[in-house]
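Notes follow once the structure below has been shown.
The values are calculated or read from the model by the stated rules, or taken from the named source; none is laboratory data. Keep in mind that this is a model prediction, so the values were computed, not measured. Cβ atoms come from the backbone with ideal geometry, glycine included; neighbour counts cover every protein chain shown. For the accessible areas, the whole protein counts, side chains as well, though only heavy atoms, and no ligand, DNA or RNA atoms are used. Shrake-Rupley method; radii C 1.70, N 1.55, O 1.52, S 1.80 Å.
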Amino acid sequence: MSTLGMAATLPGQTAGVSLFIDSFIEDVGLSRSLVSWLYTAATVLGSLALPLMGRLVDRWGPRRMATLAVGLFALSCAGMGQAGGWIGVFVGFVCLRCFGQGTLGLINNHAVNLWFERRRGLAVGILGLGMAGATALFPPLIEEGIQAYGWQRTYLIMGGILAGAVLPLGALLYRDAPERYGLSPDRENAASETEAPKTGASETGAPETEASETGAPETSGPEELGLETGAASEDEGETPGKDRGEIQDENQGESQGASAVGGIEPGVAYRTRTFWLFTGAGVYAAGLGTGLLFHHFSILEEAGVGRDLAAEFFIPLGALTAALNVGTGWLVDRYPPRLLLAAELVLYGALTGLLPWADTTVEVWAYGSVFGVAQGMHQALLGSVYAYYFGRLHHGTIRGLANTVFIGGTAIGPALLAVGPDFLGGFAAILWILTPVPFLLGAAAFAGWAAGWDAATLQRAR
């Protein structure tokens, strides 16, 4: 359901909104630059709600929040079809970005992280295929709808599909934390696996226990973790005629209660170097990736590449982004995320340093391939590391703040790269200025792994 939910976010993603830009320019009478600035401002404004949405997801659970988010997203699409001026377009952009790309995307990631621990990386990697598949499948269908019915009616149709199909499926199939139903994440099966990977205990620098050597993550109760779980253990006095799952399901307003759900408080997580290492790397990757795609044809034109060859770049980019989404998810379950982050950042450094010289077919395809590998690694890593390091109890809140910062990066990336041609004589100069940044962040990631940053704090989330 979460993978389908990721596909359903497309009307709020840039790939979906971009199909309507010409309609706003021609029918609403807006300039291209005004539409671009409205979209940038709406993206930033919509992202400011994500910390609150994250807290609500932690409190109410994915099912309730997904039902609310999809309903508001459907209304946003229907309302966008009625936009007749710049104010209506701006408000529509804010709602599409907030409820679709932001809130629904956050809920989908959170729901998967709640149910997986040992195979979390692989599960989050597969989750990313929902967005990849939607990007490949739906834009041509939306374009046909615009040509056949007009952009206003197409928005109404998309809102109707969200309300009539995705909303009831979400209400039926989304689930809250497994502990609510008397179940547990996949970590409980780890001891029976013959080739189980080591847990993050050794990666964080904490002493390995006998459990970690056999592949079973070390778990602790809430008293040992020093956490307030927000839900008392009331199972001893169960109501006659109701099973444990029904009783817990009635208490959905409380924290996802499960006394076995591990995690550290958001305030503690925000004070760790690990949180800001991955968040800082995420801002860099999001900003650079958005900027490179936004200025793609202009950057390659400056290097002497024609438009037809520049378009071939998207072939290896799409294929390798999808492959590395799943591949890196598999690696996250077996190797320290901070080491994988260091490898990803080295690729981004090579990308910016060598891009200005890419002027042949082989080099353009190599550029697309390296970009695809780096993007795929980035999406899989950032999709799972916050639950990996800080636990599941407050994952929505912690991830919500991180998402707000990431979206800020996507907003400033295109403007930052535009400094090159505007003030430095071309894109090459600004790309070379940015080249040392990922290498420095990669060195910090390696140092964090080697020194066991925040080991004592992170061990409390296990």
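A few points about this structure:
- Residue pairs whose Cβ atoms lie under 7 Å apart, sitting 6 or more positions apart in sequence or on different chains, and linking a residue in region 326-344 that is over 22 Å from residue 131 (Cα atoms) and in a helix (DSSP H, G or I) to a partner that is hydroxyl-bearing (Ser, Thr, Tyr) and open to solvent by 10 Å² or more (accessible area, probe 1.4 Å), are 337/388.
- Pairs where the first residue, in region 54-83, is at positive phi and the second is open to solvent by less than 10 Å² (accessible area, probe 1.4 Å) and of a type in the set (A, V, I, L, M), C-beta under 8 Å, 6+ apart: 61/177
- When residues of region 93-117 are limited to those that are surrounded by 24 or more Cβ atoms within 10 Å (Cβ to Cβ) and more than 22 Å from residue 171 (Cα to Cα), the one modelled with the highest pLDDT: 93
- Helices (runs of 4 or more DSSP H) enclosed by region 1-114 - at least 2 residues per element that are basic (Lys, Arg): 50-60, 62-80
- Scan of region 301-313 for residues that are assigned to a helix (DSSP H, G or I) and either touching a residue at least 60 places away in the same chain (Cβ under 8 Å) or more than 19 Å from residue 14 (Cα to Cα) (or both), ordered by number: 301, 302, 307, 308, 309, 310, 312
- Failed item in (1) over 23 Å from residue 126 (Cβ atoms); (2) open to solvent by 40 Å² or more (accessible area, probe 1.4 Å), with residue 379 passing the rest: (1)
- When 132, 148, 123 are screened for being open to solvent by 10 Å² or more (accessible area, probe 1.4 Å) and at pLDDT below 90, only 132 passes.
- Output for region 8-29, where each listed residue is surrounded by fewer than 19 Cβ atoms within 10 Å (Cβ to Cβ) and of a type in the set (A, V, I, L, M): 15, 21, 25, 28
- Flag set for residue 73, criterion: surrounded by 24 or more Cβ atoms within 10 Å (Cβ to Cβ) and among the aromatic types (Phe, Trp, Tyr).
- The listed residue being surrounded by fewer than 19 Cβ atoms within 10 Å (Cβ to Cβ), farther than 20 Å from residue 55 by Cβ and more than 24 Å from the chain's Cα centre (by Cα), out of 439, 423: 423
- Each residue in region 357-373 was checked for being open to solvent by 30 Å² or more (accessible area, probe 1.4 Å) and under 29 Å from the mean Cα position of the chain (by Cα), and 5 of them qualify.
- Within region 384-437, the set of residues being assigned to a loop (DSSP other than H, G, I, E, B), in contact (Cβ under 8 Å) with a residue 12 or more places away in the chain and more than 22 Å from residue 270 (Cα to Cα) comprises 426, 435.
- Single condition residue 422 does not satisfy, out of (1) modelled with pLDDT of 90 or more; (2) out of contact with any strand residue (DSSP E or B) (no Cβ under 9 Å at 6 or more places or on another chain); (3) among the charged types (D, E, K, R): (1)
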